[in-house]
Amino acid sequence: MTHRTPPLTMDLLERALAEPATLDVPDDLKASIAASIRRTPQRSTPAATRISVAYGRLPQAMRVALVALLLLAFVAGLAVVGSQLLPQRVPIDASLTFRGDAARTGVVNGAGPGGAMALAFARTLPGQIVTSPAIADGIAYVGAVDGSIHAVDLARNVELWSADVDVAWSSPSLVGDLVVVGTEDRDLAAIDRRTGMVAWRMPLDAFVAGSPAVAGDRLYVATSSASSRAGSSTGIGTVVAIDAATHRVAWQEDLPGPATRSIAVAGSVLVVPTDVGIAVAFDAATGRELWRFATPPFTDTPVIAGGKVLLAGLDPEGLRGALWAVDLRSGEEVWHHARHSGQTIVAPAVDATSGILFAGTLDGDVVALRLDDGVEVWRQPLGAEIGAPPTKAGDVVYVATSGGLWALDASTGVVLRTVPIDGVPSSPAIADGYLVAGTQSGTLYVLGDAEHSTSIAPAASGSTLPAATPKSTAVLPAVAPLHDVWSRTARDLGMEKLFFLNAAPDGRVWVADAPRGRFVILDADGAMVDTWQPTGAAALDLVQPDNDPWGAVAFAPDGSFYVADTDHQRVLRFDSKRRLIGSWGSFGPGPGQFVSPFGITVGPDGLVYVVDDSTCRVEVFDLSGGYLRTIAGGTAFVDRCTNNVVVDGNGNVFLASGGRGDPWHITQFSPDGSVIRRMGDAIFREPVLLAPGPNGEIYATSGTDRLYLIDTHGDVRATWSGLGLELVVVGPDGELYSTGAEGVVRRYALP
Amino acid sequence: MTTNARIGFGSAGDVTLVEQARTGDADAFERLVQTRLERAYRTAFAILRTDWDARDACQEAFIAAWRELPRLRDVARFDAWLDRIVVNQCRTLLRSRKVRVREISIDAYPDASVELSGASPVEAMADEDLVRQAFGQLSADQRLVLALHHGEGRPVAEIASLLGVPAGTVMWRLYRARRALETVLREVSA
């Protein structure tokens, strides 16, 4: 039927989309769901841990009987056991293999112990520990040179089982319910995670010193002949792809030399390091060789991230060490980084999300480099040999040096904490808030945050070190702390919540009382001296649909001022007598329109800059609201955007933005809107809010707990944390004011 | 506008049920299903507009919730978490169907009219049918925000929380979705 086109009114839309008057849940749906859930197993749960613990508590006789039963089940159903491998269960906060994942990124999605890490406990194992543990469900599986894999419950400091499979140099990998590791018996051994019983062994006729790589339904290992074990260039090596379910070789290829480090695999590409300084890439499915790349004299474990392979060339002589970034597909060099000394750089932790990698050097530096071009972001000398790759979790990089475990701020390299250890450590594994690292002196160190560390009483066991007192110390404070001059809570000011504030040219501080559409005005000493609530045509709607209190205000030198009336999608202009003298804006993406006008600034150039939060653009107006141009953004929408801008005396605009995979950063635009430079990658966490300092510097808040002082070159000059602030402004005399998540206005004394 | 009664997560009993269910207690999970199925079904129907699709979405959503429940760390957020699973399931279902789904340019048409239609009751019903017909041709994301806001009457802030995006994003998506709906409405009524 042909029909006129009805105007799409809100009323019509709501009537059309309203649910029918008789909408009943089908009677049988509930029963159908109930039946389904009884057929559906839940994912990996803490129950697995409890089973292991419960097993460990059983009397010996019952354990033997249980093991016998399990063995019978195993013999009777070998194929079924094999099928346990598939699909790979991935528990939350697990570190399933050396460096956390098969790409060997060393970046952990879950939480680490954080910048306040402390020793939870230390255990001695009956042999050196030269490998990294795998961790899942709160249990660490760690090999010692006594030949055993030990399962240690991290929450309870209890060893659940140990399995002697003659392991030494291979870091274990978790595959389904199995711990898989290369052995000194020239085979691959799989141990049941729950029982510690050997599930199967697969002869390889060569040593597997690296950690098995697991991808899809296959395991990949690199082998070496006996004569190459000490890292000599003699001997031969192979790469072997193994079907995980059947333990049969899918394909096998020779390598240019023996391989004693771990394979990395990502997508369809397998990268195998060799002890003769050549890395070889293979098609993971077929074993077809794709490319070779030389990293003399000895190639460390590769890292695959962001379409690149990071290859560290280890040089025991300390003369030719370097780190290369190679294109994953072509094998072509993208960049390389070498120390002036030529000293070895070990395999890095590579955070593709922030585009930063973190590498340690044998001469004791940690360097952060940009993944794109290898440019150094920061460097932190720790003064002790770093022979193991670092690990990143959250905003912290964890580094193991001879004699210490370190936590560094990933953004700045500032040392947050160090915990002394005895001996040369392996690469730290992190999961479930724990950091676990062993040393060549045979001690397993387990670090946690304050909560973990105080709640674990080391078990009374001959293998446990005496009750340890955490010796953690903060060795490098960032800068002098900021001290409150005064603080006022929202309640002090008769407000429900507060967020926006600004300092007027007369030194008074205007705090937006968004729910009431008014401003509370404080003097520089924090005394409430006035309130102002525009009415009539100037009435403000400053509460966004998400109930966040908005209300940015910007002052012009002549005392007039502008308010971003966010939920009315307009800007109001008032004279110095607080009389409305103009307004502009409407809802939309077009020039001069707003979706959510969030930030507003009057620049030294006498122009008004309005930041539209939802379109990530800065619209520039003259003082009367005449639209001039748009900087950044446009009409395109971006999910995560920006908040406010800083304009310097030359009309340069600094805009903080990020999201959709783009790290938060600051972009400097020239007055005509062209990009001058980008700065601060990998420093910031959303939300980021900027404020101009008195001498051209910029204060930038990050998240809800950090404040950065950035100089005119874009370099971070100071960092403060733990302030609980979100927004800062600098007053006419250089005083610093903030509002924070907990609803407090503060004035700080700058150091 | 229809505004559904919201099921709160207020009682200690609910918390206990979630705790029990996340350790594998299927009976406890069944009791949670009993009190939440109606809300889930209504949400699914608002988005999908057919009984069978809403059934499918609920079935899959509750199974997914059961399977993933051990991963829910904050049991107090169970309802919000379940809501999100239901909506995601609807989106998955829409995307898996080969329905006519397009991204529609919003730049080629003027702003939506906000005038009253003044139609007769019969015409009004026909108009509603046309809108539903047009709605069925929108993309999954466009349907989601329109159904949740205009169909279910959920506030922008709640939708933002549900979809994990800022409120401004939801406003923008609503704006785009309404413009797209207008465009399709012209086509289906031509």
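The figures follow:
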quantity: Search result, residues across the range A:574-615 that are of a type in the set (D, E, K, R), within 14 Å of chain B (Cβ to nearest Cβ) and in a loop (DSSP other than H, G, I, E, B); calculated: A:D613
quantity: Subset of the range A:9-24 (residues that are at pLDDT below 85, facing chain B (nearest Cβ under 7 Å) and closer than 24 Å to B:W52 by Cβ); calculated: A:E19, A:L23
quantity: Residue, surrounded by the fewest Cβ atoms within 10 Å (Cβ to Cβ), within the range B:41-51, restricted to residues that are more than 9 Å from chain A (Cβ to nearest Cβ) and part of a helix (DSSP H, G or I); calculated: B:L48
quantity: Of all residues making up the range A:372-403, the number that are in a strand (DSSP E or B) and either among the aliphatic types (A, V, I, L, M) or more than 19 Å from A:F98 (Cα to Cα) (or both); calculated: 11
quantity: Some residue of the range B:130-152 being assigned to a helix (DSSP H, G or I), at the interface with another protein chain (Cβ under 8 Å from one of its Cβ atoms), farther than 20 Å from B:T92 by Cβ and without any contact (Cβ under 8 Å) to a residue 40 or more places away in the chain; calculated: no
quantity: Selection from the range A:138-176 of residues that are of a type in the set (A, V, I, L, M, F, W, C) and either outside the structural domain of A:R194 (by TED's automatic domain parsing) or out of contact with any His (no Cβ under 9 Å at 6 or more places or on another chain) (or both); calculated: A:I139, A:V145, A:I149, A:A151, A:V152, A:V158, A:V165, A:V167, A:A168, A:W169, A:L174, A:V175
quantity: Residues within the range A:148-189 that are modelled with pLDDT under 90 and touching a Pro at 6+ places or on another chain (Cβ under 6 Å), tallied; calculated: 2
quantity: Options B:L82, B:L37, B:L17; residue that is assigned to a helix (DSSP H, G or I), hydrophobic (A, V, I, L, M, F, W, C) and within 11 Å of chain A (Cβ to nearest Cβ); calculated: B:L37
quantity: Residues satisfying the stated conditions in the range A:25-51, i.e. within 7 Å of chain B (Cβ to nearest Cβ) and at pLDDT 75 or above; calculated: A:V25, A:P26, A:L29, A:K30, A:S32, A:I33, A:A34, A:S36, A:I37, A:R38, A:T40, A:Q42
quantity: From A:D275, A:D283, residue being among the charged types (D, E, K, R) and touching an Asp or Glu at 6+ places or on another chain (Cβ under 9 Å); calculated: A:D283
quantity: Qualifying residue in the range A:315-338 (condition: within 20 Å of the chain's Cα centre (by Cα) and touching a residue at least 12 places away in the same chain (Cβ under 8 Å)); calculated: no
quantity: Filtered residue count, the range B:29-54, keeping only those that are on the phi < 0 side of the Ramachandran plot, touching a residue at least 12 places away in the same chain (Cβ under 8 Å) and not hydroxyl-bearing (S, T, Y); calculated: 15
quantity: In the range B:64-79, the residues that are crowded, with 18+ Cβ neighbours inside 10 Å and facing chain A (nearest Cβ under 7 Å); calculated: B:W66, B:L69, B:P70
quantity: Every residue from the range A:567-611 that is of a type outside the set (F, W, Y), at pLDDT 85 or above, surrounded by 23 or more Cβ atoms within 10 Å (Cβ to Cβ) and under 36 Å from the mean Cα position of the chain (by Cα); calculated: A:P597, A:G599, A:I600, A:T601, A:V610, A:V611
quantity: Candidates A:R379, A:R370, filtered to the one that is out of contact with any Lys or Arg (no Cβ under 6 Å at 6 or more places or on another chain), basic (K, R) and modelled with pLDDT under 90; calculated: A:R379
quantity: Qualifying residue in the range A:201-223 (condition: over 18 Å from A:L96 (Cα atoms), basic (K, R) and in a strand (DSSP E or B)); calculated: yes
quantity: Only one of B:V156, B:V165, B:V170 that is modelled with pLDDT under 80, facing another protein chain (nearest Cβ under 8 Å) and in contact with a His (Cβ under 9 Å, 6 or more places away or on another chain); calculated: B:V170
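Here's the yes/no breakdown for (1) surrounded by fewer than 24 Cβ atoms within 10 Å (Cβ to Cβ); (2) within 19 Å of A:G588 (Cα to Cα):
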site: B:R132; (1), (2): yes, no
site: B:Q137; (1), (2): yes, no
site: B:L146; (1), (2): no, yes
site: B:G151; (1), (2): no, no
site: B:E158; (1), (2): yes, no
site: B:G164; (1), (2): yes, no
site: B:Y175; (1), (2): yes, yes
site: B:R186; (1), (2): yes, no
site: B:S189; (1), (2): yes, no
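The values are calculated or read from the model by the stated rules, or taken from the named source; none is laboratory data. Small disclaimer: the values here were computed from a predicted structure and weren't measured. All Cβ positions, glycine included, derive from the backbone under ideal geometry; neighbour counts span all protein chains shown.
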